[in-house]
Amino acid sequence: MKIGGVFVIIYYERMKLLREERGLRQCDMAVILDLTNQQAYQRYEAGRALMPIWLFIKLARFFDVSVDYICCLTDDRRKYW
């Protein structure tokens, strides 16, 4: 997405990037995150559903990154806990 001449990464694009870096499928992520099915995860990754905070935390723990990184508040992957 481009805002004011600057390309901005949205959190769901970051989710897809992290998933693809690990070679995982959406259905794999649904199982890892204890979601009901692949479609539930797909809605989050496509930005069609708002993700609850507990899911951001679970993603951060799984990918060993900070929630700030997933939310695109920083490009630094280091976690702060």
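Summary table below
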item	result
Residues located in segment 67-81, provided they are in contact with a helix residue (DSSP H, G or I) (Cβ under 6 Å, 6 or more places away or on another chain) and within 16 Å of Glu21 (Cα to Cα)	Ile70, Arg77
Looking only at segment 35-59, and only at residues there that are in contact (Cβ under 8 Å) with a residue 12 or more places away in the chain and not aliphatic (A, V, I, L, M), the one that is surrounded by the most Cβ atoms within 10 Å (Cβ to Cβ)	Tyr41
Test: residue in segment 34-46 that is in a loop (DSSP other than H, G, I, E, B) and within 25 Å of Arg78 (Cβ to Cβ)	no
Total residues in segment 10-66, condition touching a Leu at 6+ places or on another chain (Cβ under 7 Å) and among the basic types (Lys, Arg)	1
Pairs, first at negative phi and of a type in the set (Ser, Thr, Tyr) in segment 2-19, second surrounded by 12 or more Cβ atoms within 10 Å (Cβ to Cβ) and modelled with pLDDT under 90, C-beta under 7 Å, six or more apart	Tyr11/Cys71; Tyr11/Cys72; Tyr12/Gly47
Residue ID - surrounded by the fewest Cβ atoms within 10 Å (Cβ to Cβ), chosen from residues in segment 65-81 that are at pLDDT below 90 and not charged (D, E, K, R)	Trp81
Given (1) surrounded by fewer than 18 Cβ atoms within 10 Å (Cβ to Cβ); (2) aromatic (Phe, Trp, Tyr); (3) closer than 13 Å to Arg14 by Cβ, number of the condition Phe62 does not satisfy	(3)
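The values are calculated or read from the model by the stated rules, or taken from the named source; none is laboratory data. All values reported here derive from a predicted model rather than from experimental measurement. Note that each Cβ is placed from the backbone with ideal geometry, even for glycine, and that neighbours are counted across all protein chains shown.
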